[in-house]
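Peer 1: Mind having a look at this structure? Questions to follow.
The values are calculated or read from the model by the stated rules, or taken from the named source; none is laboratory data. No experiment lies behind these values; they were computed from the predicted model shown. Cβ placement follows ideal geometry from the backbone for every residue including glycine, while neighbour counts extend to all protein chains displayed. Accessible surface is based on the protein model in full, side chains and every heavy atom, while ligands, DNA and RNA are left aside. Shrake-Rupley method; radii C 1.70, N 1.55, O 1.52, S 1.80 Å.
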Amino acid sequence: MAVEDTRSPHNLLRLVSLGLFVAAAYYGGTVVGLALKLPEATPSVMWPPNSILTSVLLLTRPAWWPIVFLSALPSHVALVGSAGWPMPLVLALFATNCSEALIAAGGLRRLSDAPTRFDSLRRVGVFVGVAVIAAPFLSSFLDAGAVAMIGGEPFWLVWRSRLFSNSLTALTVVPAFVMVGTSGLTWLRTATRQQFVEAALLAASIIVVGTLLLRPAAPDPMTSALADIATLAWFLPLLVWAALRFGPGGASVALLSASLCLVAAAVRNQGPFRGLPPADTTVALQLFLIPIALPLLAAASLVEERRQNEQHLRASEAMKSSILASLTKGVVVLDRDGRIITVNDAWRRMARGDTPPAPTEAGADYIEFCRGAARSGKPWAAEAAAGFEAVVLGTRHDFWIEHTSQRPDGDRTIVIRGAPLDRAEGGAVLTHTDVSDQRRAELEAQRARSELAHVARVSTVGALTASIAHQLNQPLTGILTNAQAATRWLKGDSPALDEALASLDDIVDDDRRASDVIVRMRELLRHDGGSVAEVDVNALVGGVARLLSSDAIIRNVELELQLEPGPAVVRGDRVQLQQVVLNLIVNGLEAVADRSPVDRRVIVRSRSDRRFVEVSVVDRGAGFNGAEDRAFDAFYTTKPGGMGLGLSIAKSIVQAHGGVILAANNRQSGATVSFRLPLGPDGAA
Amino acid sequence: MTAHSPTIFVVDDDLSVRRAVTGLLRSAGFRVEAYQSGREFLDALGVRPRRGCVVLDVRMPGMSGFDVLECLAARGRTLPVILVTGDGDATTAVRAANAGCSTFLAKPFEDEALLDAIRRALQQDDAGAV
């Protein structure tokens, strides 16, 4: 019966069952122990009750140990007391029995990581040290003391006999009892038919050999002795068989069975130990069985440990294979020479699509394949071969490359990343990721952003129609008036050539001025963003301010520039940066539209240091009204009819240029929106 | 009757427009004084009586053409004013008429239109001076 550890305070049935079991087991153990007592010898060869107590204590929680001891007491008194010993001695012997169980179980709980398991050499070592040596050693002192004091027997003789008896019993009974209790039922449920047959065969063999021990002795002493030795020898392979095939549990049960057979034979004055004085027979049996039990248990634990390690290794390998097979990225594992150790299914599928197919077999040279691809005209392959070779040799920690693979079913964009293999022999793990869909999505997003920025630019320029018309009107007026004036100068009584030439010069200047306005409009209305080049931010801000000067006049707003002298050059897209400045200044002009004349003012400042240029647009409008954190959100606007895209697009443009953009209310009134861009290599103002 | 010849005062913030109009009026034989802002014109005008007329741009930074008209009226100046603007819409035209300006021209304008307006304005100024 496996005594399970239960925490239910109300489970009296389990407590009662435990008590009854302990009482019955202790009773049975005492009966067996008394039966294993050679006539006229005080000590039994084996004394099971102590080991039964130890086993039960190991299988129950410490809070229930008092119940265990109390349940065993009546059985002890009933049986040991009937042997004619005085009651004080009977009670003293019970106390010493309990002390051995307490020392053994308490010590094992403290020192072993799994007190009820014998599946490693360390755990068996702890068990032998505590339960087979230490506990009997110490409790035998109490035992011998009680017997010497009350029974009048020699102290050291009693101590030695108790020590050997209890040690042998602990070695044979405790593992068998505990393993049957913890995993006996499980084995019965899960064993295969073959295992059942084998166990039955082993059990039958032990019984047969044990029975042979009980046959009458041959008349010839020599023949009888040889027959006994041969019979005894048959036990050894059976015990080894049990240890190798059934682990510590089988070994301990087989050992207990064999021990009982030998002792039973000796009790009947049969078997290889007959003929000796009872006391000597007892010691001989103990000294024969203990040296066999110790290495047998150790061997069984080693076999079990190895079996579990192999099982773990198989499970680990299976898990790794499953993980590798489940990955959607193509994985190739290379050794130090660049040859394939293993690949996963995803790589096999990817490799089939290449022309020629990429290597997938173990031993194939992946890096040489890359070199071959380079020779056949794939420029990325040379860089890949060099990079991955550096990784497998350990001279490089990480390498990745992106390339486009032309396939019959369409081009694919593949990113290959290599990392060193974490083992002493070196190597690398390459992952191949198909990012085609991702790149397509990025391109689409980029196109959409560009389209949106263009729409915003067109919208802003559309809002500046009156301003643009005003800006064109001025030079057109100049051109017409100058032309008419020149005509008058030339038609006069005395043609004033100088005056006419001056008017013609002014016409040329006005025409260029009008052309500038058209060029700036055309630049802003371009669909694509233009190219990246060196851009003088101060000049750009000045140009946008000139563009908006008419708009400021129309709105009756003073637009003031406070720009740092000299250029402040950044690398960027001129059109996009113009759009940012345009948005900020237009927002400022609109913010002060309904303010008093003294507040109808927008200031644009620039300042720079060695690393950055910062442009600020300051207005005295109503400010952000508690919504600074939303100012850059797409589609957020406080302007009726506004799209809410201006600042959002400005932010994305500034960030794309490696800068930051901020918006904050001014201390007194209005708001300031500023952006900062990193200066280019030649950019210091 | 003042002793000075009539002067055409050209007030426009745009340099090229000022130069072009100045050139045109001088080619027609007029005496011209050009100013780039309403404030500069009023300061130069001072309190001395002057004969002539004003060619005044509407959209200027700071002081608009309508602001200059108000100042002239407040000072009791009766110089005829010809308003010129890039906004040729009806709203501006009505506002100009209500402000008492004699003529309203949209840019770009024909030389004869400006010159005719100036001649009418000078006649009006002469009639007022008598």
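Peer 1: Looking only at the stretch B:25-55, count how many residues are away from chain A (no Cβ under 14 Å) and either open to solvent by less than 60 Å² (accessible area, probe 1.4 Å) or free of Cβ contacts under 8 Å to residues at least 40 places away in the same chain (or both).
Peer 2: Start the filter on the stretch B:25-55 by keeping residues that are away from chain A (no Cβ under 14 Å), which leaves B:31, B:33, B:35, B:40-54.
Among the residues that remain, those that are also either open to solvent by less than 60 Å² (accessible area, probe 1.4 Å) or free of Cβ contacts under 8 Å to residues at least 40 places away in the same chain (or both) are: B:31, B:33, B:35, B:40-48, B:50-54.
Of the residues in that region, 17 qualify.
Peer 1: Just checking, how many residues over the stretch A:539-572 are away from chain B (no Cβ under 14 Å), charged (D, E, K, R) and either part of a helix (DSSP H, G or I) or in contact with a Lys or Arg (Cβ under 9 Å, 6 or more places away or on another chain) (or both)? Break it down into steps so the answer makes sense when it comes.
Peer 2: Of the residues in the stretch A:539-572, the ones away from chain B (no Cβ under 14 Å) are A:539-544, A:547, A:562-572.
Now drop any that are not charged (D, E, K, R), which leaves A:564, A:571.
Pick out the ones that are also either part of a helix (DSSP H, G or I) or in contact with a Lys or Arg (Cβ under 9 Å, 6 or more places away or on another chain) (or both) and you get A:564.
Result for the stretch A:539-572: 1.
Peer 1: Still on this structure, please answer the following. What single numbered condition from (1) under 30 Å from A:V580 (Cβ atoms); (2) within 14 Å of chain B (Cβ to nearest Cβ); (3) open to solvent by 20 Å² or more (accessible area, probe 1.4 Å) fails to hold for A:D536?
Peer 2: In the conditions (1) under 30 Å from A:V580 (Cβ atoms); (2) within 14 Å of chain B (Cβ to nearest Cβ); (3) open to solvent by 20 Å² or more (accessible area, probe 1.4 Å), A:D536 misses (2) alone.
Peer 1: Just to be sure I understand, how many residues within the stretch A:341-368 are open to solvent by 60 Å² or more (accessible area, probe 1.4 Å) and part of a helix (DSSP H, G or I)?
Peer 2: So in the stretch A:341-368, the residues open to solvent by 60 Å² or more (accessible area, probe 1.4 Å) come out as A:341, A:345, A:348-349, A:352, A:355-357, A:361-362, A:368.
Remaining after also requiring part of a helix (DSSP H, G or I): A:345, A:348-349, A:352, A:368.
Number of matching residues: 5.
Peer 1: Here is a further query. In the set A:V604, A:V613, which member is surrounded by 20 or more Cβ atoms within 10 Å (Cβ to Cβ), touching a Pro at 6+ places or on another chain (Cβ under 9 Å) and in a strand (DSSP E or B)? Walk me through it before giving the result.
Peer 2: Details: A:V604 fails: touching a Pro at 6+ places or on another chain (Cβ under 9 Å).
Exactly one of A:V604, A:V613 is surrounded by 20 or more Cβ atoms within 10 Å (Cβ to Cβ), touching a Pro at 6+ places or on another chain (Cβ under 9 Å) and in a strand (DSSP E or B), namely A:V613.
Peer 1: Look at A:L472 and say whether it is at pLDDT below 90 and in a helix (DSSP H, G or I). Step through it out loud before you land on a result.
Peer 2: On the way: at pLDDT below 90: yes; in a helix (DSSP H, G or I): yes.
Judged against the criteria, A:L472 is a match.
Peer 1: Take B:A96 and tell me if it is more than 22 Å from A:D511 (Cα to Cα) and either in contact with a strand residue (DSSP E or B) (Cβ under 8 Å, 6 or more places away or on another chain) or among the aromatic types (F, W, Y) (or both).
Peer 2: Details: more than 22 Å from A:D511 (Cα to Cα): yes; either in contact with a strand residue (DSSP E or B) (Cβ under 8 Å, 6 or more places away or on another chain) or among the aromatic types (F, W, Y) (or both): yes.
Criteria met by B:A96.
Peer 1: Further question: Please go through (1) out of contact with any Gly (no Cβ under 7 Å at 6 or more places or on another chain); (2) open to solvent by less than 70 Å² (accessible area, probe 1.4 Å); (3) away from every other protein chain (no Cβ under 14 Å) for B:L79 and return the number of the only condition it doesn't satisfy.
Peer 2: (1)
Peer 1: Shifting gears a bit: Quick test of your reading of the structure: B:T91 fulfils all but one of (1) within 14 Å of another protein chain (Cβ to nearest Cβ); (2) assigned to a loop (DSSP other than H, G, I, E, B). Name the failing condition by number.
Peer 2: (2)
Peer 1: Then there's this: Does any residue of the stretch B:56-63 turn out to be in contact with a helix residue (DSSP H, G or I) (Cβ under 7 Å, 6 or more places away or on another chain), open to solvent by less than 20 Å² (accessible area, probe 1.4 Å) and assigned to a helix (DSSP H, G or I)?
Peer 2: Filtering the stretch B:56-63 down to residues in contact with a helix residue (DSSP H, G or I) (Cβ under 7 Å, 6 or more places away or on another chain) leaves B:56-63.
In the following step, the residues that additionally are open to solvent by less than 20 Å² (accessible area, probe 1.4 Å) were identified as B:56-58, B:60.
Subset that is assigned to a helix (DSSP H, G or I): none.
No.
Peer 1: Condition first: over 30 Å from A:K651 (Cβ atoms) and more than 36 Å from the chain's Cα centre (by Cα). Can you find one or more residues in the stretch A:410-423 that meet it?
Peer 2: At the first step, the residues of the stretch A:410-423 found to be over 30 Å from A:K651 (Cβ atoms) are A:410-412, A:414, A:416-423.
Filter once more, so that each one left must be more than 36 Å from the chain's Cα centre (by Cα): A:410.
Yes, the stretch A:410-423 has at least one match.
Peer 1: If A:L582 passes every condition in (1) of a type outside the set (S, T, N, Q); (2) crowded, with 18+ Cβ neighbours inside 10 Å; (3) outside any helix (DSSP H, G or I) but one, which one does it miss?
Peer 2: Of the numbered conditions (1) of a type outside the set (S, T, N, Q); (2) crowded, with 18+ Cβ neighbours inside 10 Å; (3) outside any helix (DSSP H, G or I), the odd one out for A:L582 is (3).
Peer 1: Only residues in the stretch A:467-480 that are more than 7 Å from chain B (Cβ to nearest Cβ) and without any contact (Cβ under 8 Å) to a residue 40 or more places away in the chain count as the first member; pair them with residues that are assigned to a helix (DSSP H, G or I) and among the acidic types (D, E), Cβ under 9 angstrom, at least 6 apart or cross-chain, and list the lot.
Peer 2: Hits for this filter: A:I479/A:D506; A:I479/A:D510; A:I479/A:D511.
Peer 1: Just wondering, is there one or more residues in the stretch A:631-653 that are surrounded by fewer than 16 Cβ atoms within 10 Å (Cβ to Cβ) and at pLDDT 90 or above?
Peer 2: Checked the stretch A:631-653: no residue is surrounded by fewer than 16 Cβ atoms within 10 Å (Cβ to Cβ) and at pLDDT 90 or above.
Peer 1: Within the stretch A:488-503, count every residue that is open to solvent by less than 40 Å² (accessible area, probe 1.4 Å) and modelled with pLDDT under 90.
Peer 2: Going through the stretch A:488-503 one residue at a time, the tally reaches 2.
Peer 1: Still on this structure, I have one more. Quickly run through the stretch A:499-517 and pick out the residues that are of a type in the set (D, E) and more than 11 Å from chain B (Cβ to nearest Cβ). Don't jump to the end; show me each part of the working.
Peer 2: At the first step, the residues of the stretch A:499-517 found to be of a type in the set (D, E) are A:499, A:505-506, A:509-511, A:516.
Residue satisfying the conditions is A:D516 alone.
Peer 1: For residues that are closer than 18 Å to A:H403 by Cβ and of a type in the set (D, E), tally how many sit in the stretch A:314-355.
Peer 2: Total satisfying the criteria: 1.
Conditions (1) under 26 Å from A:N587 (Cβ atoms); (2) of a type in the set (K, R); (3) part of a helix (DSSP H, G or I); (4) out of contact with any helix residue (DSSP H, G or I) (no Cβ under 6 Å at 6 or more places or on another chain), marked per residue:
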position	(1), (2), (3), (4)
A:L430	no, no, no, yes
A:V455	yes, no, yes, yes
A:L476	no, no, yes, yes
A:N482	no, no, yes, no
A:T487	no, no, yes, yes
A:S494	no, no, no, yes
A:D510	no, no, yes, no
A:R522	yes, yes, yes, yes
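Rundown of residues vs (1) touching a Pro at 6+ places or on another chain (Cβ under 8 Å); (2) buried (at least 18 other Cβ atoms within 10 Å of the Cβ), yes/no style:
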site: A:Q446; (1), (2): no, no
site: A:H454; (1), (2): no, yes
site: A:A463; (1), (2): no, no
site: A:P475; (1), (2): no, yes
site: A:I479; (1), (2): yes, yes
site: A:A486; (1), (2): no, yes
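Peer 1: Of the conditions (1) open to solvent by 50 Å² or more (accessible area, probe 1.4 Å); (2) within 14 Å of another protein chain (Cβ to nearest Cβ), B:V84 clears all except one; give me its number.
Peer 2: With (1) open to solvent by 50 Å² or more (accessible area, probe 1.4 Å); (2) within 14 Å of another protein chain (Cβ to nearest Cβ) applied to B:V84, the lone miss is (1).
Peer 1: Please determine, by comparing only the residues of the stretch B:64-76 that are more than 14 Å from chain A (Cβ to nearest Cβ) and surrounded by fewer than 18 Cβ atoms within 10 Å (Cβ to Cβ), which one is nearest to A:L548 (Cα to Cα).
Peer 2: Selected residue: B:C71.
Peer 1: What are the residues in the stretch A:496-508 that are assigned to a helix (DSSP H, G or I) and not hydroxyl-bearing (S, T, Y), if any? So that I can check it myself, show each step before the final result.
Peer 2: Of the residues in the stretch A:496-508, the ones assigned to a helix (DSSP H, G or I) are A:497-508.
A:L497, A:D498, A:E499, A:A500, A:L501, A:A502, A:L504, A:D505, A:D506, A:I507, A:V508, listed by residue number.
Peer 1: Can you tell me which residue within the stretch B:94-115, out of those that are open to solvent by less than 30 Å² (accessible area, probe 1.4 Å) and either in contact with a His (Cβ under 8 Å, 6 or more places away or on another chain) or assigned to a strand (DSSP E or B) (or both), is farthest from the other protein chains (Cβ to nearest Cβ)? Give the derivation first.
Peer 2: Quick first cut of the stretch B:94-115, residues open to solvent by less than 30 Å² (accessible area, probe 1.4 Å) only: B:96, B:101, B:103, B:105, B:107, B:109, B:111, B:114-115.
Now narrow it down to the ones that are either in contact with a His (Cβ under 8 Å, 6 or more places away or on another chain) or assigned to a strand (DSSP E or B) (or both): B:103, B:105.
Values: B:T103: 16, B:L105: 10 Å.
Ranking the qualifying residues of the stretch B:94-115, first place goes to B:T103.
Peer 1: Ok, one more. Of all residues being of a type in the set (K, R) and farther than 22 Å from A:I341 by Cα in the stretch A:375-431, which is surrounded by the most Cβ atoms within 10 Å (Cβ to Cβ)? Just the residue, please.
Peer 2: So in the stretch A:375-431, the residues of a type in the set (K, R) come out as A:375, A:378, A:396, A:407, A:412, A:417, A:423.
Of the ones still in play, those that are also farther than 22 Å from A:I341 by Cα are A:375, A:378, A:407, A:412.
Numbers: A:R375: 9, A:K378: 16, A:R407: 13, A:R412: 18.
For the stretch A:375-431, the residue satisfying everything is A:R412.
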